[in-house]
1. Might you let me know whether the stretch 29-37 holds any residue that is surrounded by 15 or more Cβ atoms within 10 Å (Cβ to Cβ), closer than 20 Å to residue 153 by Cα and at pLDDT 90 or above?
2. Could you grab me the full set of residues in the stretch 115-163 that are touching a residue at least 24 places away in the same chain (Cβ under 8 Å) and not in a helix (DSSP H, G or I)?
3. Hey, which of the helices (runs of 4 or more DSSP H) in the stretch 18-111, taking only ones fully inside, have at least 2 residues that are out of contact with any strand residue (DSSP E or B) (no Cβ under 7 Å at 6 or more places or on another chain) and within 19 Å of residue 181 (Cα to Cα)?
4. With without any contact (Cβ under 8 Å) to a residue 24 or more places away in the chain, over 30 Å from residue 56 (Cβ atoms) and in contact with a strand residue (DSSP E or B) (Cβ under 9 Å, 6 or more places away or on another chain) as the only criterion, which of 169, 206, 189, 213 stands out?
């Protein structure tokens, strides 16, 4: 897996995409803040491809007399993919350094505005958890799909849809998203409202950047942590599809519990 050039090529693409994000005068409030995280999707696609290849190679059941069981072989492949998690963690650290090198990103508009916004540790942790999900996606598709040539296009389409993060930006659907990009926009008042009447620590957005009225750009580390739980649940459910028959129920149970807990926790946190 580590000798596969695909994840390293797409790591370079992700790094380039992240590096090109800079705050620009007149940009949509929070545009740079929202754009820097989705660049990781290129790396996630590369990880899924690299993991899918060996799992597809091992689709056929082994003989009962084989010296190493199918479960141990599956576990070995998953352990072999763990260095990609370290790569994702290093990428998250690079994003944090880049934001500080830029002096911060922009959120909100006058009077509620900041030019020194940084992604929280909770938001950056999502990149590491997503690498686990990318491994599980590659393992499940490689194990269950009959043709390797069809896996790569499907992975590309899947991760491309994930990258269109604004489709899942509403408070009602963002808990179910794969790539959760904050801030979340919460309506707080009509266009005629005095922005000075809102709490001074709110990051506000109004016309012409909204369809009408004032909105609050809301960021929550608690929401990010609960979202990580949701992603871990999905990871466990996908690993069940790649795991041999014995032990699959445990993964399904753990995945269901984590997924439901993560969704409930996010709905409790969102105002």
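The values are calculated or read from the model by the stated rules, or taken from the named source; none is laboratory data. Not measured: the values here are computed from a predicted model. Please note: Cβ atoms are built from the backbone with ideal geometry, for glycine as well, and neighbour counts cover all protein chains shown.
1. Here is the first cut: in the stretch 29-37, the residues surrounded by 15 or more Cβ atoms within 10 Å (Cβ to Cβ) are 29-37.
Now restrict to residues that are closer than 20 Å to residue 153 by Cα: none.
No; the residues of the stretch 29-37 include none that is surrounded by 15 or more Cβ atoms within 10 Å (Cβ to Cβ), closer than 20 Å to residue 153 by Cα and at pLDDT 90 or above.
2. Within the stretch 115-163, 115, 117, 119, 120, 145, 146 meet the criteria.
3. Numbers: elements: 31-35, 41-57, 70-81, 83-102.
Result: 31-35, 41-57, 83-102.
4. Working: 206 fails: without any contact (Cβ under 8 Å) to a residue 24 or more places away in the chain; 189 fails: without any contact (Cβ under 8 Å) to a residue 24 or more places away in the chain; 213 fails: without any contact (Cβ under 8 Å) to a residue 24 or more places away in the chain.
Going through 169, 206, 189, 213 in turn, the sole match is 169.
For (1) farther than 30 Å from residue 252 by Cα; (2) under 14 Å from the mean Cα position of the chain (by Cα); (3) surrounded by fewer than 21 Cβ atoms within 10 Å (Cβ to Cβ), each residue gets a yes or a no:
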| residue | (1), (2), (3) |
| --- | --- |
| 105 | yes, no, no |
| 125 | no, yes, yes |
| 131 | no, yes, no |
| 137 | no, yes, no |
| 147 | no, no, yes |
| 151 | no, no, no |
| 160 | no, yes, yes |
| 164 | no, yes, yes |
